[in-house]
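Inspection log for the structure reproduced underneath, given as structure tokens.
Any read-out appearing in this document is the output of simple, stated calculations on the displayed coordinates, not a laboratory observation. If you're wondering where the values come from, they're calculated on a predicted model, not measured in any experiment. Glycine also receives a Cβ, built like all others from the backbone with ideal geometry; neighbour counts cover every protein chain displayed.
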């Protein structure tokens with residue numbers, strides 16, 4: 001997967017959002033703003049993207065997105081309940097129509113037996129719908145995992161909502 005593929009999927013997402021007159025937001029942890037970068041690489045993206053949240057620390061997840069400290073403590077940042085709260089919090093904070101949240105372990109450090117490097121949780125939310133999550137396991141080096149995560153997030157948004 002290369003930057004051209006990311007650009008193509010972001011362009012498709014933008015065209016679909018523009019057609020709906022809808023806005024998207026993102027809440028990113030392991031991707032560190034790469035979703036927002038990929039979206040804003042597209043000319044005219046201000047018409048469908050207003051803001052994103054890079055919430056790398058647990059404190060940022062709580063402060064900016066309203067993720068409960070008890071959820072983080074009980075499940076850890078890389079978990080289904082956390083990405084669901086991240087997506088719902090981003091949707092609300094941004095006043096957007098759609099949101100994606102990403103929390104994972106891109107490596108090379110940080111993995112465990114339960115959550116090895118390449119484990120990435122995604123949360124998706126849409127105004128008026130219940131958020132849902134998806135667990136993925138990606139292979140490769142840190143940038144490979146992050147790039148695959150961005151692609152999966154954008155493609156899933158298109159396939160699910162648009």
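Most exposed first by the Cβ proxy, i.e. fewest other Cβ within 10 Å, how do 34, 121, 48 rank?
34, 48, 121
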Original post:
Which order results if 105, 42, 158 are arranged by neighbouring Cβ count within 10 Å, fewest first?
Top reply: 158, 42, 105
Original post:
Within the P(r) computed for segment 3-161, what percentage of the Cα pairs occupies the region above 24 Å?
Top reply: 26 percent
**OP:** Could you work out which residue, out of 65, 91, 135, moves most in a Gaussian network model of the chain, that is, has the largest mean-square fluctuation with Cα springs under 10 Å?
**Re:** 135
Subject >> Ranking of 151, 75 by count of other Cβ atoms within 10 Å, fewest first >> reply: 75, 151
Original post:
For the chain, modelled as a GNM with alpha-carbon contacts under 10 angstrom, which of 85, 141, 28 fluctuates the most?
Top reply: 141
**OP:** Given the options 106, 16, 77, state which has the largest fluctuation in a GNM of the chain using a 10 Å cut-off (strictly under) for Cα springs.
**Re:** 16
Original post:
Does segment 39-97 classify as rounded, prolate or oblate by the C-alpha gyration tensor (a ≥ b ≥ c root eigenvalues; a/c under 1.5 gives rounded; else a/b over b/c gives prolate, otherwise oblate)?
Top reply: prolate
